[in-house]
């Protein structure tokens with residue numbers, strides 16, 4: 001995927017003569033990009049949740065003392 005991102009197209013797909021196979025490669029690139037985007041969003045959300053949990057743990061620790 002790094003190669004496709006660097007050059008803007010799938011090198012293997014461009015070497016295949018069959019248009020249907022080329023389309024499958026392009027579709028896979030689109031799906032990979034969508035999944036990467038979703039993973040990036042979830043990573044940010046998980047980081048935010050971890051910060052919230054740490055904050056709540058700190059508050060609970062202070063209240064228990």
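Quick look at the values:
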quantity	calculated
Qualifying residue in the stretch 24-42 (condition: over 27 Å from the mean Cα position of the chain (by Cα) and surrounded by 10 or more Cβ atoms within 10 Å (Cβ to Cβ))	no
Boolean, residue 42 is out of contact with any strand residue (DSSP E or B) (no Cβ under 7 Å at 6 or more places or on another chain), assigned to a helix (DSSP H, G or I) and at pLDDT 95 or above	yes
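The values are calculated or read from the model by the stated rules, or taken from the named source; none is laboratory data. Nothing here was measured: the structure is a model prediction, and the numbers come from that model. Here Cβ is always computed from backbone atoms with ideal geometry, including for glycine, and neighbour counts include all displayed protein chains.
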